[in-house]
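The values are calculated or read from the model by the stated rules, or taken from the named source; none is laboratory data. Values in this document were obtained by computation on a predicted structure and should not be read as measured data. As a convention, Cβ positions derive from the backbone with ideal geometry for all residues, glycine included, and neighbour counts pool all protein chains shown.
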Amino acid sequence: MKKIISLTTCFFILLIPISVAFSQVPTRVRVIEASNVGSIIDPSLKDVQSDLKSLSNFTSYRLLKDENLSLSPNRPIDVPVHKGRSLEITLVGQRKDIAECRVKIKSEGTDILNTQVRLSSGRTVLIVGPKHGEGVAIIALSARF
């Protein structure tokens, strides 16, 4: 009986580091301004350039913000984007190969966009947001886990 209890205890102790490793998701958040003012594409957006062009008819893409975050389950992270605007990202679910996140864009504290996305490791999800300057804001989310 003691062996069974000891083996069970060892089994659970071995699982704890695995669950902790999966509890935080390293995430890259980029805020991009897409417009028809000029035809310049920020060189730092090469990895998503073809996706951006297929998503919209804009001719210019400028990186406004690039941040690396560590998302923890049900702990929202607020990313200031522009005067009076912020981006709130919350990890709401996770499986071995997918992280599910709630993404909110807020203006003066009010939600103007509230959506949920599934991130696969190494892939980028693009979300077209509200009007920004002469165009729109696009959120690029990617994760590695």
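Laid out as a table, the results:
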item: Which listed residue is touching a Pro at 6+ places or on another chain (Cβ under 9 Å) and either in contact (Cβ under 8 Å) with a residue 24 or more places away in the chain or within 15 Å of Thr27 (Cα to Cα) (or both), from Ala137, Ala99; result: Ala137
item: From the options Leu113, Leu91, residue that is of a type outside the set (D, E, K, R) and touching a residue at least 24 places away in the same chain (Cβ under 8 Å); result: Leu91
item: Residue within the range 92-100 that is assigned to a strand (DSSP E or B), touching a Ser or Thr at 6+ places or on another chain (Cβ under 9 Å) and closer than 16 Å to Ile139 by Cα present; result: no
item: Output for the range 122-145, where each listed residue is closer than 15 Å to Asn36 by Cα, surrounded by 18 or more Cβ atoms within 10 Å (Cβ to Cβ) and aliphatic (A, V, I, L, M); result: Ala137, Ile138
item: Residues of the range 102-117 classified as exposed (fewer than 14 other Cβ atoms within 10 Å of the Cβ) and under 11 Å from the mean Cα position of the chain (by Cα), total; result: 1
item: The range 1-52 - residue that is more than 22 Å from Arg144 (Cβ to Cβ) and small (Gly, Ala, Ser) and, of those, modelled with the lowest pLDDT; result: Ser6
item: The range 64-97, residues that are surrounded by fewer than 17 Cβ atoms within 10 Å (Cβ to Cβ), of a type outside the set (S, T, N, Q) and closer than 19 Å to Arg123 by Cβ; result: Asp66, Glu67, Val92, Gly93, Arg95, Lys96, Asp97
item: Residue tally, condition of a type in the set (Gly, Ala, Ser) and either more than 10 Å from Arg85 (Cα to Cα) or modelled with pLDDT of 95 or more (or both), over the range 99-121; result: 3
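Quick grid of which residues meet (1) of a type in the set (Lys, Arg); (2) at positive phi; (3) touching a Pro at 6+ places or on another chain (Cβ under 9 Å):
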residue	(1), (2), (3)
Asn36	no, no, no
Leu52	no, no, no
Ser56	no, no, no
Leu71	no, no, yes
Thr124	no, no, no
Lys131	yes, no, no
